[in-house]
1. Leaving out same-chain residues fewer than 8 places away, which aspartates and glutamates sit with a Cα under 12 Å from that of Lys49?
2. Quick one: Lys90, Lys62, fewest Cβ neighbours within 10 Å first, how do they rank?
3. Take Trp51 and Thr80, extend 7 Å from each Cα along the Cα→Cβ direction, and tell me the distance between the two endpoints in nm.
4. Could you sort out which of Lys62/Lys104; Lys40/Lys61; Lys62/Lys102; Lys61/Lys104; Lys67/Lys104 sit more than 26 Å apart by Cα distance in this structure?
Amino acid sequence: MAKKKVVKKKKSGISAGTVAAIGAGVAAASIGAYYFLGPKGKQHRGEAKAWMTKMKTDIEKKLQKAKSVTGPLYRDTVDTIAAAYSKRYKEHAPEVKALAKKLKAGWKNARNNIHGS
């Protein structure tokens, strides 16, 4: 009997999942750029700025009721309000998440602003 040759295929450095993730990221960035820089970009930026400012104000109002602001309380408050805004502004959910992350990173500064006034 003749033996069959087994040929091993060489793998490229990038998996199909990685390629799909990169493609999805490029598509999302393109959509976001068109949304904020396209024909109605100025209007969209204004709307985004308005809800971002309102979200920050809502967080500050809720935290002013607390006697002392701790890290966990601040993060929970930001998460709660961010979840509400994600539901209300579904098309801006990634931006809401990014703003929440940014706010949580600067909680000490926010604490000083809330109790400093």
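No lab work stands behind these numbers, since they all come straight from the coordinates. Treat the numbers as computed from the prediction; the structure is a model and nothing was measured. Here the Cβ positions follow ideal geometry from the backbone for every residue, glycine too, while neighbour counts run over all protein chains shown.
1. Candidates past the 8-residue exclusion: Glu95.
2. Result, fewest neighbours first: Lys90, Lys62.
3. In this crude label model, Trp51 to Thr80 measures out at 2.1 nm.
4. Numbers: Lys62/Lys104 15 Å; Lys40/Lys61 32 Å; Lys62/Lys102 18 Å; Lys61/Lys104 16 Å; Lys67/Lys104 19 Å.
Among Lys62/Lys104; Lys40/Lys61; Lys62/Lys102; Lys61/Lys104; Lys67/Lys104, the Cα-Cα distance tops 26 Å for Lys40/Lys61.
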